[in-house]
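S.K.: Can you read through this structure? Questions will come right after.
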Amino acid sequence: MNWHAIRAIYLFEMARTRRTLLQSVLAPVISTSLYFVVFGSAIGGYIPEVEGVSYGAFIVPGLIMLNLLTQSVSNATFAIFFPKFSRTIYEVLSAPVSHFEIVASYVGAAATKAIMLSLIILATAALFVPLRIEHPLWMLFFLVLTALTFSLLGFILGIWADNFDKLQLVPLLVITPLTFLGGSFYSIDMLPPAWQTVSLFNPVVYLVSGFRWSFYGSADVAVGVSVGMALLFLAVFVAIVMWMFKTGYRLKP
Amino acid sequence: MQPIISISALSKTYSSGFAALKHIDLDIRRGEIFALLGPNGAGKTTLISIICGLVNPTAGRVAVDGHDIIRDYRAARAMIGLVPQELTTDAFESVWNTVSFSRGLFGKPPNPAYIEELLKALSLWSKKDVRLVALSGGMKRRVLIAKALSHEPQVLFLDEPTAGVDVELRRDMWQLVRRLRDTGVTVILTTHYIEEAEEMADRVGVISKGELILVEDKETLMRKLGGKQLTLQLAAPLAQIPSALAHYGLVLAKGGTELVYRYEDEGEGEGRETAIADLLRDLGSAGICFADLHTAQRSLEDIFVSLVSAREQAVTEDAR
């Protein structure tokens, strides 16, 4: 293992975060607060309790998931796309670093940032609504697993994207809709039966459901299924990254 | 002694179908300065990129100090420093951080004393806390060199090191390269400035259209292909060279108004010293008058141009 290299890339990425600390923390905190004002207070007042918790508290896990997914993807996408775009990537590719080490350091840094931000949002949420976390260790497990999985997806997108437009394409057209339709703001049970079936094809449903279970002990799908699906996504993305490096896809002609 | 870099049967065809390298065999000797000379698009950067791990070879093998660049890439790459042709730097990093980053990336523990020494040697010390975006092009080039040397490599690749570089930096760079060679570092530079190869290199490899045309000690190359050239401007054009002068190997140029005579200035063999005198006397007795004459040393540039055009001619003839 080239630990010096992993440390160098990881710290480089974290330094990038420090330089943009204000906007990278402030923006999500403000947008989350807005969600609470709009959904929690304004609309939530008309919605009865969902699965035994107030609507404001019900949406907290979904909101954190929404942020976690978008942040993981965008952090990792940018982390690998930008050096590719500015061509500074030559240095990493010419270094005595294995593919695993490259992925581990970039994805690790992207996931770290996303997790830190999620915890900040969790703390912000606690200011607005009474929170309880029934399974804190499982909550952390879902947080870390999802951050890693979607940072890996971001890494894949960053390698795939060859212009700035594509950089936004997948987050906007895929991630955001899937998250909004993935039960972040409602329970799947609230949908008509046909849409409930459709929802089961949305991977985000499993993540939100499992994550919400770790808070309130109730879930749309069995927890075991959520864990299984999360691990399955991780495995699929790992396989894609391995294929990309093996073939040199968009990195090595 | 085992060559520091051994390239055998190396080929690269890009997915577009463009054959950038065609069956290259080349050994780089330990501690030499090797210049890879060729026009733009000849395959110089592709060759370097394959050795450094930036481009996948289509066929063939490369070993760095006996380590295969694919199977044993860690050992091979740890020995190499690369200064790319383009000024690619992270805009918002400081000089100190970016150079320290490179050292870590190549698996070396931090060594602030060495980095300090390096930055001082490259006149970058006063800029160590400056963000890269604020540096001039020449300073960025120095930073790229510092990054490449940050992990104390045994082999340094300089891809077009003096393209767009001012005289001062060029001089500094040449001094640095010589100093590195004195410490046992092998330096491989690509250039299309012949002057650079002539000034710096111990050996020169000429590459054109993906093929290595020739590899030679610079001195030998200069002697073998260099020589001198005497050009005579004739008073009246000649249709052909009189048979009495055939043994001089003269060439008619510019529509018969010039006679060109190639000779070695330090050649051996009988009558060498008097060759020009003999020629001029024989010209006189053949009734050929000339208005003017001049001699010129052939530069590496002339050699290069004639090599490449001879090659192209041969290829065209083969094709017929």
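All of the numbers you see were taken from the coordinates with simple rules; none came from a lab. Please read these numbers as outputs of a predicted model, since none were measured by experiment. Cβ sites come from the backbone with ideal geometry, for glycine too, and all protein chains shown count toward neighbours.
S.K.: Running a GNM on chain B with Cα contacts under 10 Å, which residue among B:VAL64, B:VAL251, B:VAL95 ends up with the highest mean-square fluctuation?
M.R.: B:VAL251
S.K.: For the pair B:ALA286/B:GLN229, report the inter-label distance in nm, with labels modelled 7 Å from Cα in the Cβ direction.
M.R.: 1.9
S.K.: Taking only Cα atoms and a 10 Å spring cutoff, compute GNM fluctuations for chain A and point out the largest among A:VAL227, A:VAL204, A:VAL73.
M.R.: A:VAL227
S.K.: Would you mind checking the pairs B:LYS108/B:LYS147; A:LYS84/B:LYS209; A:LYS252/B:LYS209 and listing those with alpha carbons more than 18 angstrom apart? Let's see the in-between values first.
M.R.: Numbers: B:LYS108/B:LYS147 13 Å; A:LYS84/B:LYS209 28 Å; A:LYS252/B:LYS209 21 Å.
Beyond 18 Å: A:LYS84/B:LYS209; A:LYS252/B:LYS209.
S.K.: How many nm separate the modelled label positions at A:LEU34 and A:PHE180, each set 7 Å beyond the Cα in the direction of the Cβ?
M.R.: Distance between the two pseudo-spin positions: 1.3 nm.
S.K.: Evaluate the distance, in nm, between pseudo-label points positioned 7 Å from the Cα of A:GLN168 and of B:THR220 along their respective Cα→Cβ axes.
M.R.: 6.1
S.K.: Could you bin all the Cα-Cα distances of chain A into 5 Å bins starting at 0 and give me the percent of pairs in each, rounded to whole numbers?
M.R.: Percent of Cα pairs in each bin: 1, 6, 13, 17, 19, 15, 12, 8, 5, 3, 1, 0.
S.K.: Give, rounded to the nearest 20 debye, the magnitude of the charge dipole that the protein assembly as shown has about its Cα centre when Lys and Arg contribute +1 at Cβ and Asp and Glu contribute -1 at Cβ. Mind showing how you got there, number by number?
M.R.: Values: 50 positive and 53 negative charges, 306 e Å.
Its charge dipole is roughly 1460 debye.
S.K.: Right, something else. How high is the relative contact order of chain A, in percent, with contacts defined as C-alpha pairs under 8 Å that are six or more residues apart?
M.R.: 26
S.K.: Under 19 Å Cα-Cα from B:LYS127, which aspartates and glutamates qualify once same-chain neighbours fewer than 8 residues away are excluded?
M.R.: Excluding near neighbours in sequence, the set is B:ASP90, B:GLU93, B:GLU116, B:GLU117, B:ASP166, B:GLU168, B:ASP172.
S.K.: Another question, if that's okay. Nearest 10 degrees is fine. How inclined is helix A:136-160 to the longest principal axis of chain A, computing both from alpha carbons?
M.R.: So the helix axis and the longest Cα principal axis differ by about 50 degrees.
S.K.: On C-alpha positions alone, give me the angle between the axis of helix A:3-19 and the longest principal axis of chain A, in degrees, nearest 10.
M.R.: 60
S.K.: Using only Cα atoms, find the angle between the long axis of helix A:99-128 and the longest principal axis of chain A, and express it within 0 to 90 degrees, rounded to the nearest 10.
M.R.: On a 0 to 90 degree scale, this one is about 30.
S.K.: Run the dipole for the stretch B:37-104 about the Cα centre, Lys and Arg Cβ at +1, Asp and Glu Cβ at -1, nothing else charged, and hand back the magnitude in debye, nearest 20.
M.R.: Numbers: 6 positive and 6 negative charges, 42 e Å.
Dipole of the stretch B:37-104, to the nearest 20 debye: 200 debye.
S.K.: Full-extension gain between B:THR295 and B:GLU168, please, as 0.36 nm times their residue separation minus the C-alpha to C-alpha distance.
M.R.: On the way: separation 127, 0.36 × 127 = 45.72 nm, distance 3.23 nm.
My answer for the length gained is 42.5 nm.
S.K.: Which whole-number percent is the relative contact order of the stretch B:5-223 (Cα, under 8 Å, 6+ apart)?
M.R.: Details: 395 pairs, mean separation 67.0, N = 219.
It rounds to 31 percent for the stretch B:5-223.
S.K.: Could you calculate the FRET efficiency of B:HIS23 with A:PHE141 from 1/(1 + (r/R0)^6), where r is the beta carbon distance between them and R0 is 45 Å, rounded to 0.05? Kindly include the intermediate steps, with their values, before the conclusion.
M.R.: Details: r = 55 Å, r/R0 = 1.22.
My answer for the efficiency is 0.25.
S.K.: Moving on to the next point. What is the stretch A:148-253's relative contact order, in percent, from Cα pairs under 8 angstrom and six or more apart in sequence?
M.R.: Value for the stretch A:148-253: 31 percent.
S.K.: Here is a further query. Is the stretch B:228-297 best put as rounded, prolate or oblate by its Cα gyration tensor, with a ≥ b ≥ c the root eigenvalues, rounded for a/c under 1.5, and otherwise prolate when a/b is larger than b/c, oblate when not?
M.R.: Since a/c reaches 1.5 and a/b is larger than b/c, the shape of the stretch B:228-297 is classed as prolate.
S.K.: Now, a different point. Counting partner chain Cβ atoms within 10 Å of every residue's Cβ in B:98-105, what's the average?
M.R.: Numbers: counts 3, 0, 3, 8, 4, 3, 12, 16.
Partner Cβ neighbours, averaged per residue: 6.
S.K.: Here's something else I'd like to know. For chain B, modelled as a GNM with alpha-carbon contacts under 10 angstrom, which of B:HIS294, B:HIS247, B:HIS192 fluctuates the most?
M.R.: B:HIS247
S.K.: Moving to a separate point now. With viscosity set to 1.002 mPa s at 20 °C, what whole-number translational diffusion coefficient in µm²/s follows for the stretch B:175-217 from Stokes-Einstein and a Kirkwood radius over Cα pairs? Before the final figure, lay out the partial values.
M.R.: Values: Rh = 11.4 Å.
Value of D from the Cα-based Kirkwood radius: 188 µm²/s.
S.K.: Sum -39500 (n - 2.57) across every DSSP H segment of at least 4 residues in chain B, then divide by the residue count to get the 222 nm mean residue ellipticity, nearest 500.
M.R.: On the way: 10 runs with 107 residues, N = 320.
Helix-only estimate at 222 nm: -10000 deg cm²/dmol.
S.K.: Let me ask another. Roughly how compact is the protein assembly as shown, stated as its Cα Rg over 2.2 N^0.38 Å to two decimals?
M.R.: Working: Rg = 33.3 Å, N = 573, 2.2 N^0.38 = 24.6 Å.
Relative to the 2.2 N^0.38 Å estimate, the protein assembly as shown comes out at 1.35.
S.K.: Follow-up. Taking the Cα centre of the stretch A:3-247 as the origin and placing charges on Cβ (Lys, Arg +1; Asp, Glu -1), which of A:GLY52, A:THR17, A:TRP213 is farthest toward the positive end of the dipole?
M.R.: A:THR17
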